[in-house]
Amino acid sequence: MLEVTRELARFVYDLKFENIPTEVIDRAKILMRDFIGIGIRARHEADSTLAMMRATEILGADGGTCGVFGDSRWFSPAAAALINGALGHSLDFDDTHAEASLHPSAVVIPAAFAAAQLPGASGKEVITAIVAGYEVVCRLGQAVGPDDHYKRGYHPTATCGVFGAAVAAGKVMGLSAEEIESALGIALSQASGTMQFVENGAWTMRYQVGNAAKSGLVAASFAREGFVGATHPIEGKYGFLRAYAPSPNVTKVVAAVGSIWETMNIAVKPYPGCRLAHSGVDAIIEMKREHGFEAKDIESVDIGLVGLAYDLTGAPQAQKRTPDNLVDAQFSMHFQAAIAVQHGRIHWDDFSRLLRDETTSALMRKINVTRRTDTTGDDWSKFCANVSIDLKDGRQITRQVHLPKGEFGNFLTNFELRAKFRSLVTPCIGHASEIALCDLIMNFDNETVDNLFHETLPTPGMLMAGED
């Protein structure tokens, strides 16, 4: 049996800040900034936040030592990890890893931050832990086989995420390699989360991601105190890979670990919706910029998607054309395409503003999404989209996008990254605080975690829709 758990634990234990390539550290800080911006906005605007915060108070989890982004109160470490994880995933605007088909930051960063506030860890220690968590969760997502994992109904951000959260928290806590192994063994008992939320737009999508962050923190804490976890939790006969997928690739867990950095393959979303719809959106935005059409000019729009992209965002077509709630809209190619046709971009505020809009609804009825099967050749990936637009003046325009904006090789520019953060954060904490927070994050290797949370507090008088 390959000892992949042991090898992975040894990698995490041995990882040092000074041995991480500079570009990986820089990317980790960019991803951290992106995640924090989303969390702050979600604290004040996500529809699920009020119920979550009230439930947390009823359970007596506030009044602790750990911070929540955009909130002036302090919470227990477990509650902070859960809330920050759920907030970071509440807008469906958080980063993605294509091959693992999951959202790394939403599980890794909250666990690392909660663990860091217990001993008051340095910024360098936290960044190292976050990179360790990224490497683990992304490799597990690839190894389990995301398509098979999805077909079984699992939500990979949550199921794989608990392991990334466990090593991130364990690294901050200074666990030994053996204790990290045990933490992974404890995390195995908490690997959960299903895709059933897509049926009614349930908020459980957010909860189970936050729960994975919390559970990883719990696993590391138990391991630190000598609690014994299952051996071989990743590769064992009843371990994660064999229990959660029919044909996993165990070797992917540790292949070239420490020399190929999966952190660099984590993408930042330019639009707040299912990543698998973004190539279609990019194509429409490019065509609108080039041809200058308006919604009234559209006769029909045909979008061809591949495999899982079609399954999650294109079908059943009648349902995707008539989203009932925010989550439905975020998993609708039709809705995202209709926004792009109208405005040549997609912002977070567009979802609530246009969900019941008649022009948007009329456009969705003109959009047809099909499954592409002629996908042979190296040009095709699960992201590839073909878009054809028939205009009322008789013109037909087409565009194919293979790699959506934000992926490695087509990454967002510094201007675009900065603009996204500014647009999310400024309405909540004000312009001056947004600048200060951005500077702090990008210099986090010289900062502390406590300073970070104090800078995320709202500015008096700022508009905070949905605040409780």
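Per-residue answers, yes or no, for (1) acidic (Asp, Glu); (2) open to solvent by 10 Å² or more (accessible area, probe 1.4 Å):
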site	(1), (2)
Asn19	no, yes
Glu23	yes, yes
Gly39	no, no
His44	no, no
Leu50	no, yes
Met53	no, no
Glu57	yes, yes
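If you check Gln208 against the conditions, is it open to solvent by 50 Å² or more (accessible area, probe 1.4 Å), part of a helix (DSSP H, G or I), in contact (Cβ under 8 Å) with a residue 40 or more places away in the chain and among the polar types (S, T, N, Q)? In short, no.
On the basis of being open to solvent by less than 30 Å² (accessible area, probe 1.4 Å) and either within 24 Å of the chain's Cα centre (by Cα) or closer than 30 Å to Asn325 by Cα (or both), does Leu31 make the cut? It is true that Leu31 is open to solvent by less than 30 Å² (accessible area, probe 1.4 Å) and either within 24 Å of the chain's Cα centre (by Cα) or closer than 30 Å to Asn325 by Cα (or both). Scanning the range 240-254 for residues that are in contact (Cβ under 8 Å) with a residue 60 or more places away in the chain and surrounded by 14 or more Cβ atoms within 10 Å (Cβ to Cβ) yields Phe240, Leu241, Tyr244, Ala245, Pro248, Val250, Lys252, Val253, Val254. Only residues that are open to solvent by 20 Å² or more (accessible area, probe 1.4 Å) and basic (Lys, Arg): list them for the range 273-319, please. Answer for the range 273-319, where residues must be open to solvent by 20 Å² or more (accessible area, probe 1.4 Å) and basic (Lys, Arg): Lys288, Arg289, Lys296.
Within the range 47-83, take every residue that is charged (D, E, K, R) and under 23 Å from the mean Cα position of the chain (by Cα) and give me the one that is farthest from Trp203 (Cα to Cα). So, considering only residues that are charged (D, E, K, R) and under 23 Å from the mean Cα position of the chain (by Cα), the one farthest from Trp203 (Cα to Cα) is Asp71.
When we screen Ala78, Ala115 for residues that are closer than 16 Å to Gly216 by Cβ and open to solvent by 10 Å² or more (accessible area, probe 1.4 Å), the only hit is Ala78.
Residues are listed down the side, and each one gets a yes or a no for (1) more than 23 Å from Gly39 (Cα to Cα); (2) buried (at least 24 other Cβ atoms within 10 Å of the Cβ); (3) of a type in the set (Asp, Glu); (4) without any contact (Cβ under 8 Å) to a residue 40 or more places away in the chain:
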residue: Val126; (1), (2), (3), (4): no, yes, no, no
residue: Pro156; (1), (2), (3), (4): no, yes, no, no
residue: Val167; (1), (2), (3), (4): no, yes, no, no
residue: Ser176; (1), (2), (3), (4): yes, no, no, no
residue: Leu184; (1), (2), (3), (4): yes, yes, no, no
residue: Glu199; (1), (2), (3), (4): yes, no, yes, yes
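The values are calculated or read from the model by the stated rules, or taken from the named source; none is laboratory data. All of these numbers come straight from a predicted model, not from anything done at the bench. Positions of Cβ are generated from backbone atoms using ideal geometry, with glycine treated the same way; all protein chains shown enter the neighbour counts. Surface areas here come from the heavy atoms of the whole protein model, side chains and all, with no ligands, DNA or RNA. Shrake-Rupley method; radii C 1.70, N 1.55, O 1.52, S 1.80 Å.
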